[in-house]
1. Using a ≥ b ≥ c from the Cα gyration tensor of the range 56-130 (square roots of the eigenvalues), is it rounded, prolate or oblate, where a/c under 1.5 gives rounded and otherwise the larger of a/b and b/c decides, a/b for prolate?
2. Out of the DSSP beta bridges found with both residues in the chain, what percent are antiparallel (nearest 5)?
3. Quick one: Debye curve from the C-alpha atoms of the range 173-225, no solvent, what's log10 I(q)/I(0) at q = 0.22, 0.24, 0.27, 0.28 Å⁻¹?
4. Per 0.36 nm of contour for each residue apart, how much would the distance between Asn136 and Glu226 grow if the chain were fully extended, relative to their Cα-Cα spacing?
5. Which lysines have a Cα less than 25 Å from the Cα of Lys197, not counting those fewer than 8 places away in the same chain?
6. Nothing charged except the Cβ atoms of Lys and Arg (+1) and of Asp and Glu (-1): what's the magnitude of the dipole of the range 79-210 about its Cα centre? Round to the nearest 20 debye.
7. For the chain, what does the relative contact order come out to in percent, with C-alpha contacts under 8 Å and a separation of six or more?
8. Taking 7 Å along the Cα-to-C-beta vector as the label spot, tell me the Ala73-Ala42 distance in nanometres, rounded to one decimal.
Amino acid sequence: MPGISVNILLHGLFFMTQEGNNLRVYAPNIPMHHFVGGTRGARLELSGLQDLTGLGLRGKADPQTGLPAPDPANDVDGSIMQFPTTDVGGFNGLNDTDHGRPLFNGSILLPWPMRFVGLRTGDISSFRTQSGSIANHVVDNARKKGSSTLGVVALLQYTLPALNQVNGIPLLNIHYYVQPCSIHFIKDVNADLRAAKSSFKDSNGFDLQMLEDQEPSAIPTSGHLEFGTTKEDEASLEEERRILVTPDVAFICRNDPFSVPGVSPANCPIFFVGP
């Protein structure tokens, strides 16, 4: 009996990085953002460590030894924004604070995925930034890997062995978010990027800022049958609250200001940091 295909979908301003044979995903503490996780319809606000390494998820392994075989330089899809650790001097501690305020809302620890895929992608020309090291490295990395697009959703692929199969379900999509519940414009994204600087030992090294002279067009959701995802799987918290009105997201966002109907022109980017 075949195992289950498991997709972990990351939405919003997360920082991914290699940690031994695992993938660490940092959730920065950004004002008005929610750290949320779960399956659609049953998502909850989270805090602290979400350790998924004991669930039996199977990621990339050496075919000869069966041991984990991370290779971040080549494994991470070119449409996922990536910059080297040397730009920022590494991460601060998960329990570190700034004047009593935690730097992180939590983190996710996962086995190294079988595959990293960038979803909800837009042409790289729409990545309009002020000059800086992070922006240069993001663009250079994408082009080096032959990608002409950058995405705002990351999909991590795994399998579960047949012995863990639940009621014959062949596919499971699990979502995590660091996102607001209100429409975000470029000035808001820039404020979020400035708040996320405290994630790093060299905070000034994270110099990414978008140009604010014009709002970009919304990157549409598309869905990918080849991965088992729908258009709804690519939606942001704000879009689900405003358009889909799913009860779990409505509850999470219940105390946040409600945006007037309109187009959400930008989503917070997601990054891989390293090597």
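1. oblate
2. Bridges in the chain that DSSP calls antiparallel: roughly 70 percent.
3. Log-scaled intensity ratios, in q order: -1.01, -1.06, -1.13, -1.15.
4. 29.3 nm
5. Lys187
6. Computed about the Cα centre, the dipole is about 260 debye.
7. So the answer I get is 34 percent.
8. In this crude label model, Ala73 to Ala42 measures out at 4.2 nm.
Every read-out reported here was derived from the displayed coordinates using simple, explicitly stated rules and does not represent laboratory data. In this text the structure is predicted, and so the values were computed from the model without any measurement. Backbone-built Cβ (ideal geometry, glycine too); neighbour counts: all protein chains shown.
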